[in-house]
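These notes are about the structure you will find just below.
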Amino acid sequence: MPVTVEPFEATPSPAIEIEDGVIEDARRRQRHRRRRGVALGGAALVIGLLAVLIGGGGDSQTPSVRSSGDLSKLTLVHGRAFLGGHPALMGVTPSLQAGNVGVCVRVVDVGDCNGPFPTIADPVYGGEGGFSPKEKVGPEGEIDAIFTGPGVASMRVAHLGTFKAESAPGLPPGAKQIAFYRPPGSRGTVIAPGLTPRALQTGFKNAHYGPALTETLLDGSGHAIPVTLSHVFTLPNSYWQGSQTPPAKGRCAISSTLAGVSTAWGEVADKIAADPSITTPGWLTCLNVWFSAAGESYDAAVLLNARSPGKPPAMLWGAIPVPGHPGMVEIPPVQREVHYLFPRPSRAQAARELARNTKTVGRARAEQLMRQVKELAGKEQTSWDVFVPSTVARRVGPTWVLVRYGNSLAQRISLLESLRVTKLKLRD
């Protein structure tokens, strides 16, 4: 299929302006890559549930959480992180934001999406990563990690030493992981490649954060690799909700032949162009749609070859064939089981929450919520902290069509087989 390549053009900025933008972006979005204490994703879900059940009162008790790995036993083995002997969630996965050529990055309990793929100027997945100035590391210790593309052999961290780039399961082909551990009480702030110590002074004047632990990437000969911070490749997109008509200017569309399938919302690229800067195979997300069917939710997407839309896209990372379904692949989930004890609210808390909920949802519903709290109180619950959800995909022309979530592999396969690409406009 013919394609018109419309390269993305970014205007270079002076280093000082780039740093200002990075700091402001980090403060606003709290981007990935850095471990900032241990705040488990599972705990956040539990607290959210508790807020729903008892009205979100600020004096509610916090659940007692324990993961499948003991947080007091953070260790590194050949650059890989373990919690109590269990592999921690660390890695890279493609982002599905429409119009983006980006990745999601996870380091233990901190993650975010839509950072750039590696480039010659910035050979790191996710780019500059997060930035969290601190005076010293908290009581749980800290694991810092980055994921590098071709040409990076190690990384020198000021005041700490040099750390080797290691192969690790689940990373993209050719990618490596550089990780190091900082024990509780360690002073200083890690400064990502491409940033300078001045970052500590931008927006944080008169603060004392200890030494600037600047990171320097090194090649195989031990020479420093110059880094210029990259911007994620982003094309304009449009959003719609299920009751609305999908935007006419959207470049991709899909539909399902299954009965009872409805669209919750969708996002579609308004333009198609190649990303000439990336040094590894990547994908441009043309379309991302959330479907509902029989009480289940599914995330579907259409991906193009990022470097050459219209040509066959590269194999998805970690994909394995699905037996009995020629051409279909499965990406197993990357997740961690989390256990917690649901808290017991005091009588005073229960009374306050009952009164508060009565005003908002009525007496009957408020009493029902409190009964649920009493039933759960003191009992051990289990949830999943998910980085990569269960996924199935198949190639359709010059695209990957993929489906995530659902309650079973059979359900995901059924929806994927029902999807039809009804629009694919790669040129104006």
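No lab work stands behind these numbers, since they all come straight from the coordinates. Quantities reported herein were computed from a predicted structural model and do not represent experimental measurements. In this analysis, Cβ positions are derived from the backbone assuming ideal geometry, glycine residues included, and neighbour counts consider all displayed protein chains.
So here's what we get for this one:
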{"read-out": "Amide H within-cut-off set for LEU213, under 5 Å, with H built and near neighbours excluded", "value": "THR189, VAL190, ILE191"}
{"read-out": "Computed over the stretch 277-428: relative contact order in percent, which uses C-alpha pairs under 8 Å that are six or more apart", "value": "27 percent"}
{"read-out": "Dipole magnitude of the stretch 84-189 about its Cα centre (Cβ charges: Lys, Arg +1; Asp, Glu -1), debye to nearest 20", "value": "240 debye"}
{"read-out": "Residue-by-residue Karplus 3J(HN,Hα) for the stretch 418-428, coefficients 6.51, -1.76, 1.60, Hz, glycine and proline x", "value": "8, 7, 10, 7, 9, 8, 8, 10, 9, 9, 6"}
{"read-out": "Convex hull volume per residue for the stretch 309-353, taking Cα atoms only, in Å³", "value": "208 Å³"}
{"read-out": "Packing-based ranking, highest mean first, of 321-330, 341-350 given that Cβ atoms within 10 Å are counted", "value": "341-350, 321-330"}
{"read-out": "Whole-Hz ³J(HN,Hα) from phi, Karplus 6.51 cos²θ - 1.76 cosθ + 1.60, for the stretch 251-260, glycine and proline x", "value": "8, 9, 8, 9, 9, 10, 8, 6, 6, x"}
{"read-out": "Protection proxy ranking, peptides 96-105, 297-306, average beta carbon neighbours within 10 Å, highest first", "value": "96-105, 297-306"}
{"read-out": "Approximate shape of the stretch 290-428 as ellipsoid semi-axes (Cα gyration tensor, √5λ), whole Å, largest first", "value": "45, 18, 14"}
{"read-out": "Listed residue (LEU195, PRO246, PHE180) projecting farthest to the positive dipole end of the stretch 121-262, Cβ model", "value": "PRO246"}
{"read-out": "Zone of ILE320's modelled label, taken as backbone nitrogen in the stretch 157-177 under 14 Å from a point 7 Å along Cα→Cβ", "value": "170"}
{"read-out": "Above-threshold pairs, the threshold being 18 Å between Cα atoms, out of LYS359/LYS379; LYS134/LYS164; LYS271/LYS423; LYS134/LYS176; LYS176/LYS311", "value": "LYS359/LYS379; LYS134/LYS164; LYS134/LYS176; LYS176/LYS311"}
{"read-out": "Nearest-0.05 FRET efficiency for ALA351 and GLN241, computed from C-beta distance (R0 30 Å)", "value": "0.15"}
{"read-out": "Calculated from backbone phi, Karplus (6.51, -1.76, 1.60) coupling profile of the stretch 170-176 in Hz, x at Gly/Pro", "value": "x, 7, x, x, x, 7, 9"}
